[in-house]
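A short worksheet on the structure shown next.
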Amino acid sequence: MTAAALRFTVDAQDGEARAGVLTTRRGQIETPVFMPVGTAGTVKGIRFEELESKDLDAKIILGNTYHLWLRPGINVIRAAGGLHRFIGWDRALLTDSGGFQVWSLGALRKISEEGTEFRSHVDGSLRFLSPEVSMEVQAALGSDIVMVFDECAPGQASHEETERSMNLTTRWAKRSKTAFNQLQIERVDTGYLEAEGLSGTQALFGIIQGAGHLELRRTSLEETVNIGFDGYAIGGLSVGEEKSVMFDVIEDIAPRMPKDAPRYLMGVGTPEDLVEAVARGVDMFDCVLPTRNGRTGQAFTSRGKLNIKNAQWTNDTRPLDESCACSVCGRHSRAYLRHLYMTGELLASILLTHHNLAFFLDTMRGVRQSIRSGDFPKFRREFIERLDANGE
RNA sequence: GCGGCAUUAGUUCAGUAGGUUAGAACGCCAGAUUGUGGAUCUGGAGGUCGUCGGUUCGAGCCCGACAUGCCGCC
């Protein structure tokens, strides 16, 4: 028999906030953790060496089933020996199932009980994604944490629409698990083919849906837990609903989730969102904001958002964030970064991405430390107050 | 020296038969962005129409002089 796919221990708790250790087959991850998004096999705008450097020290990043399946395709990745070897990253990888893309690339899709038919955004060809296909692709990718194939309902979906969608997600979750287990037995997971060997199989996370309807969220939670997964995610938030709805759902659902399994809030969020969700019991996050907004000129700092495009920085010799210890803040001024951005230089995106990731990851370090030392409420209060100070 | 053409937003240009608050693109100034289509979207500011004078109820459009630039001719 194989070793456990995943181990999770909670070492400290402060209110609902938890600090723990998630042990994957590719190393230990201290939680709460932020996972940079690397959709197409790259965290855009940053080298893997930098992700591993002391500045960032990301222990786990994301990859995306939908995007990698379409391009370069699983045959290429299988031939390379899995996604880790293909991209040159030997720390942990989590892959999203493609369910979210079914929603976000919505115009071209057709959803049925069996799965989702849609047109590829790459070449327009007709494609079909289902729980079984998604599991097969994720096994070929060899990610360490696999997500079930779900359907994401729009933020303002009606009760009836949400219920139908949530029930479909539950049925897909069962099929995902069945297919996943079979693939683990067959050892199709490319991670298993690695010469150095790994300590366990892939892990599988279930996803709780239900939009802003709390009773549907609770039903989704119960049914997902009944199926049984290595970890549980809250999906379908930050998809157009009011922010207060998002926090109401997290506050109601997170504490009801299994205490001995990691809780993952998908696609969230701003630095403030992260700290507030941790306070409500969440352990894991991913979000495109630090990387995407970095590429479009927005820096996240301890004093709030800073738009490097703003003319007020033209002659400003200060770093992006005077209390940031990252290598970009240690070396470059706002004036220079603005110049790079306005000139369209690649380096602008690279440096802003680096700083933003450093800030997100450092924030989570602070969160973990404060939970372990029992100072989380103070950390939270001061962190939020400083963000509101806004700029300067 | 003579002749032709040009001159309208920061830039490149439109401006219909002379008719109320002169338009576009890009740029500029801002904003949005939450399981990434290196994407996209949304606002805003900015012009004494080269200058001076004339014709007309009314001129960016017509007339004259001047200025500046380009081209051609002696």
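General remarks:
- Scanning the range A:316-366 for residues that are surrounded by 16 or more Cβ atoms within 10 Å (Cβ to Cβ), in contact with a Leu (Cβ under 8 Å, 6 or more places away or on another chain) and more than 25 Å from A:T31 (Cβ to Cβ) yields A:L320, A:V328, A:C329, A:H332, A:R334, A:L337, A:L340, A:Y341, A:A348, A:L351, A:L352.
- A:E223 vs. criteria closer than 23 Å to A:A157 by Cβ, of a type in the set (D, E, K, R) and not in a helix (DSSP H, G or I): no
- One residue from A:T201, A:T190, A:T170 being surrounded by 18 or more Cβ atoms within 10 Å (Cβ to Cβ), modelled with pLDDT of 95 or more, of a type in the set (S, T, Y) and farther than 22 Å from A:E16 by Cα: A:T170
- Residues of the range A:87-105 satisfying the condition of being of a type outside the set (A, V, I, L, M), near RNA strand B (Cβ under 9 Å from one of its atoms) and either within 14 Å of A:M147 (Cα to Cα) or more than 17 Å from the chain's Cα centre (by Cα) (or both): A:T95, A:D96, A:S97, A:G98, A:G99, A:F100, A:Q101
- Boolean, A:F149 is crowded, with 17+ Cβ neighbours inside 10 Å, in contact (Cβ under 8 Å) with a residue 60 or more places away in the chain and within 15 Å of RNA strand B (Cβ to nearest atom): no
- Those residues of the range A:183-220 which are in a loop (DSSP other than H, G, I, E, B) and polar (S, T, N, Q), in sequence order: A:S199, A:T201, A:Q202, A:Q209
- Residue, modelled with the highest pLDDT, within the range A:226-255, restricted to residues that are surrounded by fewer than 16 Cβ atoms within 10 Å (Cβ to Cβ) and part of a loop (DSSP other than H, G, I, E, B): A:G228
- Annotation note: of A:G115, A:G155, A:G142, the sole residue that is under 22 Å from the mean Cα position of the chain (by Cα) and more than 12 Å from RNA strand B (Cβ to nearest atom) is A:G142.
- Residues that are among the small types (G, A, S) and surrounded by 23 or more Cβ atoms within 10 Å (Cβ to Cβ) were ranked within the range A:21-71; the one that is farthest from RNA strand B (Cβ to nearest atom) is A:A58.
The values are calculated or read from the model by the stated rules, or taken from the named source; none is laboratory data. In this text the structure is predicted, and so the values were computed from the model without any measurement. All Cβ positions, glycine included, derive from the backbone under ideal geometry; neighbour counts span all protein chains shown.
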